Amino acid sequence: MAEMVTRASTAALRPIGQGRRQLQRRAARHPAGAAQENGSESNGGTMNFFSLKKVASAAMTCSLAATLTAPAGARRSTPEFRYRSLDRSEIENLQRWVAAGHEAWCKDARLVAAEELKRVAGDFRGDVTELNAADAPAASGAGKATFEWTPLDGRVVYRITVEQFAWLLPIAKDAEGLVWVPTVTEIDMQE
């Protein structure tokens, strides 16, 4: 009787899944010429561990695929980044030209982004008020600003990043005289 109490009390201490019946790790092998039921191997009523694993992984894959698929009306985007090659001597010459009183619009980040957008997007009319400031320059004189524009059909989003360079300050004489230079164009096509 003491033996029965010991068995009952240690049963709760067994790790989960190690009950009376062990899972069979391999399919039972049949001797040569043995008959199989319905063309499949019979393993004496125990579940094949690998087939259980395959079923569980297939169920997890299906549930994951269902949660990761986009909603019916959602659009996917494929952004394309175009980095403009910068020639320091050309930028310095532009800064000298602007410092001499020519092309004052080069000191306005929004106008420079609009000019770059005219070059990149054929259907942009050039109205500066259509540009949205995605990352506008702060009043403290941050040297980077990003503007975006979307045509009416919404098929593409253009983002233009313009920058000011501190190494132009000796030519410009003050921070307000620095020119803005387009550096990155992001074209985000909606599928």
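For region 77-98, what are the residues that are in a helix (DSSP H, G or I) and either over 27 Å from ILE171 (Cβ atoms) or out of contact with any Cys (no Cβ under 8 Å at 6 or more places or on another chain) (or both)? Even if it seems obvious, please write down each step before you answer.
Let us first name the residues in region 77-98 that are in a helix (DSSP H, G or I), namely 88-98.
Once the filter is applied, which keeps residues that are in a helix (DSSP H, G or I) and either over 27 Å from ILE171 (Cβ atoms) or out of contact with any Cys (no Cβ under 8 Å at 6 or more places or on another chain) (or both), region 77-98 yields ARG88, SER89, GLU90, ILE91, GLU92, ASN93, GLN95, ARG96, TRP97.
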Worksheet item: Out of (1) loosely packed, with under 13 Cβ neighbours inside 10 Å; (2) touching a Lys or Arg at 6+ places or on another chain (Cβ under 6 Å); (3) in contact (Cβ under 8 Å) with a residue 60 or more places away in the chain, the odd one out for TYR83 is which?
Response: (2)
Fill in: Output for region 151-164, where each listed residue is out of contact with any Gly (no Cβ under 7 Å at 6 or more places or on another chain) and crowded, with 16+ Cβ neighbours inside 10 Å
VAL156, VAL157, TYR158, ARG159, ILE160, THR161, VAL162
Worksheet, complete the sentence: Selection from region 151-172 of residues at pLDDT 90 or above and not in a strand (DSSP E or B) yields GLN164, PHE165, ALA166, TRP167, LEU168, LEU169, PRO170, ILE171, ALA172
Worksheet, complete the sentence: Among residues of region 69-94 being charged (D, E, K, R) and at pLDDT below 80, the residue farthest from the chain's Cα centre (by Cα) is ARG75
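Against the condition touching a Leu at 6+ places or on another chain (Cβ under 8 Å), surrounded by 13 or more Cβ atoms within 10 Å (Cβ to Cβ) and within 19 Å of THR185 (Cβ to Cβ), how does GLU148 come out, does it pass?
Numbers: touching a Leu at 6+ places or on another chain (Cβ under 8 Å): yes; surrounded by 13 or more Cβ atoms within 10 Å (Cβ to Cβ): yes; within 19 Å of THR185 (Cβ to Cβ): yes.
Yes: the conditions hold for GLU148.
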Discussion item. Please determine whether any residue of region 105-126 is outside any helix (DSSP H, G or I), closer than 21 Å to ARG82 by Cα and either touching a Lys or Arg at 6+ places or on another chain (Cβ under 8 Å) or modelled with pLDDT of 90 or more (or both).
Written reply: yes
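The values are calculated or read from the model by the stated rules, or taken from the named source; none is laboratory data. All values reported here derive from a predicted model rather than from experimental measurement. Please note: Cβ atoms are built from the backbone with ideal geometry, for glycine as well, and neighbour counts cover all protein chains shown.
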